[in-house]
1. Restricting to the stretch 208-237, count the residues that are assigned to a loop (DSSP other than H, G, I, E, B) and within 30 Å of TYR102 (Cα to Cα).
2. Could you list all residues from the stretch 179-205 that are under 18 Å from ILE146 (Cα atoms) and among the small types (Gly, Ala, Ser)?
3. Restricting the stretch 238-267 to residues that are assigned to a loop (DSSP other than H, G, I, E, B) and among the acidic types (Asp, Glu), which is farthest from ILE127 (Cα to Cα)?
4. Restricting to the stretch 225-245, give me the number of residues that are modelled with pLDDT of 95 or more and either surrounded by 13 or more Cβ atoms within 10 Å (Cβ to Cβ) or touching a helix residue (DSSP H, G or I) at 6+ places or on another chain (Cβ under 9 Å) (or both).
Amino acid sequence: MQQILFFFIRNKNFLLFTLLFSISIFLTIQTHAYHKNRFVNSSTYLTGSIYSLKSSITSYFSLKKENILLIEENIRIRKELESYRNNITIYAIDTASIYSKYYFSHAKVINNSFSKTKNKLTINKGINDHLKTDQGVVTSKGIVGIIDNVSNKYATIQSILNTNSQINAKLKKSKHFGSLIWNTEDPYLVQLIDIPRLAPVKIGDTIVTGGKSTIFPEGILIGKVKDFRLTEDKNSKYLNIELFNDMTNLEHIYVIRNQDSNEIINLEKETNDAK
């Protein structure tokens with residue numbers, strides 16, 4: 001207590017000045033509208049600056065997180081594409097000529113439905129970014145769908161969670177082909193139909209794209225077999241496929257452009273017309 005009293009006695013002049021100065025500032029602000037407004041405006045500006053700084057910092061770290069996510073996805077995509085390249089090498093095919101056919105461009109999902117029977121996604125890229133209909137869409141974890149409409153700056157995607165979706169797919173091990181569809185029951189499961197009855201299938205087997213179209217390259221991941229059964233006619237197997245992608249939570253995707261798609265489509269059309 002003595003030390004406290006000694007402090008006040010020793011600094012009485014400074015403390016008195018501080019008290020009187022504070023009172024004068026308070027009275028000036030309260031009695032003069034101009035000074036009061038200046039004080040309020042200064043406080044508002046300071047508060048706004050703090051919020052702005054906070055927002056900038058939050059945005060910076062959010063952007064940093066997104067950049068890290070993109071880097072990780074790019075690394076995974078490159079590893080998968082390298083795997084595709086190696087698989088093609090096994091079959092003694094010219095890897096350079098096949099791999100160079102495909103161009104991957106990044107886009108961001110701005111809308112996504114998954115609880116309807118005909119689900120769609122919207123992305124922030126369009127014609128201005130060389131996108132067009134019938135281009136495949138994937139993430140680093142697997143397929144997402146196919147572009148079905150484009151504007152200058154945006155595109156919509158027919159999700160694999162769509163009753164109109166039918167994609168060529170196969171068992172990675174046995175190479176048996178089928179059609180990938182969705183029965184609308186579960187956004188985490190799709191179905192692979194028309195798999196031959198004698199095709200060897202095990203729970204956990206990986207399902208990939210078949211490559212029998214100009215939309216998706218061969219070997220892009222889809223999911224794994226959850227369960228399967230014979231169809232009623234006993235001629236084929238019906239497989240439930242657990243998707244690698246979480247279709248309810250998509251943000252960054254890649255659009256696949258096949259450089260040779262127009263040439264292939266035109267050639268096939270000419271061949272069919274000649275019959």
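The values are calculated or read from the model by the stated rules, or taken from the named source; none is laboratory data. A quick note: this is a predicted structure, and the numbers were derived from the prediction, not measured. Cβ atoms come from the backbone with ideal geometry, glycine included; neighbour counts cover every protein chain shown.
1. Going through the stretch 208-237 one residue at a time, the tally reaches 11.
2. Once the filter is applied, which keeps residues that are under 18 Å from ILE146 (Cα atoms) and among the small types (Gly, Ala, Ser), the stretch 179-205 yields only SER179.
3. Restricting attention to the stretch 238-267, the residues satisfying the condition of being assigned to a loop (DSSP other than H, G, I, E, B) are 244-251, 259-260.
Checking the rest, the ones that are also among the acidic types (Asp, Glu) come to 246, 251, 260.
On the way: ASP246: 27, GLU251: 20, ASP260: 18 Å.
Going through the qualifying residues, I end up with ASP246.
4. 13
Residues are listed down the side, and each one gets a yes or a no for (1) out of contact with any Leu (no Cβ under 8 Å at 6 or more places or on another chain); (2) at pLDDT 95 or above; (3) within 16 Å of PRO217 (Cβ to Cβ):
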residue: VAL137; (1), (2), (3): no, yes, yes
residue: ILE146; (1), (2), (3): yes, yes, yes
residue: SER159; (1), (2), (3): no, yes, no
residue: ASN162; (1), (2), (3): yes, yes, no
